[in-house]
Each structure stands twice: as structure tokens, then as C-alpha cells.
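Where a number appears in this text, it was derived from the coordinates with a stated rule and is not lab data. What you are looking at is a predicted structure, and each value in this text was computed from that prediction instead of being measured. No Cβ is skipped: glycine too gets one built from the backbone with ideal geometry, and neighbour counts run over all protein chains shown.
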Amino acid sequence: MEGIAIRLLNLRKSFGETTAVAGVDLEIRDGEFFSMLGPSGSGKTTVLRLVAGFETPTEGRVELAGQDVTGLAPFERDVHTVFQDYALFPHMTVEQNVAYALRVRKVPKAERLARAREALTEVRLEGYGARRPAHLSGGQRQRVALARALVGRPRVLLLDEPLGALDLKLREEMQVELKALQREVGITFVLVTHDQEEALTMSDRIAVFHRGRVEQIGTPAEIYERPATPFVASFVGTSNLLDGEAARRIVGAPGTYSVRPEKIRILKESAESTEPENSGATGTVAEVVYLGDATRFLVDLDGGGRLTALQQNLETSSEDVAAYRGARVRLQWHRRHCVAVPTPD
Ligand code: ATP
């Protein structure tokens, strides 16, 4: 049966006048890839440090596998933290780095080496055991840090912006690898990131943090397609909100609505939809951004407000799309893609 790996109850943490965590309740399941996503200063790192035991909560409780660990030291908790800077020992070889935790636990040498090699194989670094960290690339160092975390088979792996130091291409590769690794080893992974794409790509579920609280918890699709607050709608994905007068005119009811850019089609101004399930508005293209595989159009609506529409460049080139600047267009979307976003009272 699926158990609860981590349970946070009314967790609060203040540093003097600053409230870093303002009351967080959440449950992370065994074997889940869970991300804590939010902008800088939203409290996600502090929550991770509270789970690891590097900080003590001002209020509330941390449970690991049903046990209250709030008062326990980091080494008494069955978790391992991977930091952004990897924190490898420069004077030790890769193998010694990976085996270090086992040496501390007095695991016999032969077993230590066998398990270190196994962990290095898991992160696709077999054959690198004798090198020093200085002689590895950023991506390889990151993998050593992962192997070092996995070797002790913790119940939970905490990852604090683990891909932050890598360049974009490597980061994208590592996202896929990290997810595959997590599936393979079956350990609960908790990732802290400010990168929405990273969270959407890898996670089973995401908690979106804002000002020390969780604004929404859900699967990537739930968070992206059904944002629970205007903050989530704008932080995850491109902000594309209709509100005020524009909402009243276009949607026909007051409120705040979100339409994702890729759900919007750009048509000639004169195009009239015959499909009753479609909705739309006319406007003028204010800006065109050519992205290579797609083009982003910023359209000022006649009824007020601005929407971004994303179109795949199936047959268009950068010259074609540039001609759109200033053009009159009709934006169209399926009604079900225009979702109401609850606004806080
Ligand atoms: P980042 O991605 O920048 O680390 P974050 O969402 O992880 O941001 P936290 O690092 O948890 O946010 O910080 C939340 C708030 O608590 C911030 O205002 C931060 O300045 C403050 N804070 C965190 N740690 C400390 C500390 N040790 N002493 C004082 N203030 C702190």
C-alpha cells in the first residue's frame, strides 16, 4: 500500500521579523517525484531545510514515514540532501566521495566499494571512480553527488536546485535522466526549483509556493490547465489573463480567466467562427517574437487587455512572421480552454 513519506503540519518558520514559512500543510507520498516550485524568497528552500533538519520550525511538525522527527538532528533522519554546489570532497576520488557515508557508518570495505560502484553505474558513471571531482564536467559532478546520495538508500532524497549550475542543454538532458533514475530506484524525490519547466517536466505533483504558503498542489497538468489562483496562472506558464472589462466583453461574465497561449489560434480579422464552442476576440498584433520552432504573438485586444498566442512554425519563416506586426487579427479558442481563475477575497 502506498504510504506517506513526508507530512508537514502547520509548519512555520520565522527569522527575526521575516516570516519565511507561513503555515504549510502537505503530504508527499512514498515513491513520488514531488517539486516545490516558487519564486525566490517564497520559502521553498526553508521548507526543504526543515524537512532535512538543518532548521527547527518556529511552529508545526515534520513527520517522516509517520514518525514525528521535528526534534531530531539531520543525521537521525532517513533523508539525504543534494545541494546545488554538490559539496563534493575535492581531495577524494569519485569512488571515495560516493562511499564516504558508508565509511562513516562502518560498512566493511568490500561492501562499500561494491555499493559505490553500483551507485556510479546507476548514474551512468561507471569507470570514473578513480578520478577527482576537479577532473569532471559539471554534469558529471552532479551525477557523483546523486550517486553519493543514493548509495545509502535513504527513504527520501531532497534536491535543492540540483540542476541550477548547469547550462540549458545539459539541464534539459539531466531533467530526463533524473526522472528516469527516480523511477528506477523508487525513492521519494523532493525537488526545490524556481524553474517551472523543470517542475512540469519531472514531477508527479507540484506545490506552488508564494510568500511562505502553498497556493496550489496538483499534477503538472492540473497546475498548468487549472491554476487555482492568479499567481499560479502567471508564475507557471505565460501569464495570459482576461479580467475586468475585457473578461465581461469576451467571456460574457465578470471574473478573471486564463487562456494558455498555445490554445489560441490566429485568424484573419474577417474570419467568423461557425462553431458555437469557439470563443474569441479581435485585436492588433503589437509584437511578434520569432522563437525558431514557434512564434509568439502579443495581441492588443479591441475590448481591452492583451493576450499572447503561440503558433508552431509549420510552414512560416522569420520573414513571414515579421509581416504580422501591426496586423489586424481575430484570436480564437475553444471555450473549455478559457478557465476561470478564482481570485482571493
Ligand atoms: P531562493 O530560491 O532564493 O532560495 P526560496 O523560495 O527558497 O528562495 P527561502 O530561501 O526559503 O526562499 O527564503 C524565504 C525567506 O526567508 C526569504 O525572505 C529569506 O530572505 C528568508 N531567510 C531564509 N533563510 C534565512 C536565514 N537563515 N536568516 C534570515 N532570513 C532567512
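Whenever a residue of the range 34-60 is part of a strand (DSSP E or B), its partners that are of a type in the set (D, E, K, R) and within 8 Å of the ligand (Cβ to nearest atom), lying with C-beta atoms within less than 8 angstrom and at least six residues away or across chains, give the pairs Met36/Lys44; Leu37/Lys44.
Please state which one of Phe83, Phe34 is surrounded by 20 or more Cβ atoms within 10 Å (Cβ to Cβ), of a type outside the set (A, V, I, L, M) and closer than 24 Å to Ala180 by Cβ.
One residue alone meets the criteria, Phe34.
Kindly evaluate Ala5 against the criterion of being over 23 Å from Arg105 (Cα atoms) and more than 16 Å from the ligand (Cβ to nearest atom). Considered against the rule, which asks whether it is over 23 Å from Arg105 (Cα atoms) and more than 16 Å from the ligand (Cβ to nearest atom), Ala5 comes out as yes. Looking across the range 173-197, the residues that are within 18 Å of Val123 (Cβ to Cβ), surrounded by 15 or more Cβ atoms within 10 Å (Cβ to Cβ) and of a type outside the set (A, V, I, L, M, F, W, C) come down to Gln175, Glu177, Lys179, Gln182, Thr188.
Within the range 17-65, being within 12 Å of the ligand (Cβ to nearest atom) and farther than 20 Å from Arg211 by Cβ holds for Phe54, Thr56.
Residues to consider are Leu301, Leu307, Leu291, Leu267; find the one that is within 16 Å of Val341 (Cβ to Cβ) and of a type in the set (A, V, I, L, M, F, W, C).
Answer to the selection: Leu307.
For the range 265-301, enumerate the residues that are part of a loop (DSSP other than H, G, I, E, B) and free of Cβ contacts under 8 Å to residues at least 60 places away in the same chain. Matches in the range 265-301: Glu272, Ser273, Thr274, Glu275, Pro276, Glu277, Leu291, Gly292, Asp293.
Within the range 87-98, being in a helix (DSSP H, G or I) and under 17 Å from Met174 (Cβ atoms) holds for no residue. Considering the range 54-76, and only residues there that are among the small types (Gly, Ala, Ser) and touching a strand residue (DSSP E or B) at 6+ places or on another chain (Cβ under 8 Å), the residue that is nearest to Ser234 (Cα to Cα) turns out to be Gly60. Residue check, Gln84 against (1) polar (S, T, N, Q); (2) away from the ligand (no atom under 16 Å from the Cβ); (3) outside any strand (DSSP E or B); (4) closer than 27 Å to Phe231 by Cα, all met but one. Which one? All conditions pass for Gln84, except number (2).
Among the numbered conditions (1) free of Cβ contacts under 8 Å to residues at least 12 places away in the same chain; (2) within 14 Å of the ligand (Cβ to nearest atom); (3) of a type in the set (Asp, Glu), the only one that Asp68 does not meet is (2).
Filter the range 151-170 down to residues that are in a loop (DSSP other than H, G, I, E, B) and under 15 Å from the mean Cα position of the chain (by Cα) and give me whichever is surrounded by the fewest Cβ atoms within 10 Å (Cβ to Cβ). Here the answer is Gly164.
Out of the residues in the range 171-226 that are over 9 Å from the mean Cα position of the chain (by Cα) and in a loop (DSSP other than H, G, I, E, B), state the one that is farthest from the ligand (Cβ to nearest atom). Among them, the one singled out is Gly186. Residues considered: Arg296, Arg330. Of these, the only one that is under 19 Å from Arg248 (Cα atoms), in contact with a Leu (Cβ under 6 Å, 6 or more places away or on another chain) and surrounded by 11 or more Cβ atoms within 10 Å (Cβ to Cβ) is Arg330. Looking across the range 269-304, the residues that are within 21 Å of Thr316 (Cα to Cα) and acidic (Asp, Glu) come down to Glu269, Glu287, Asp293.
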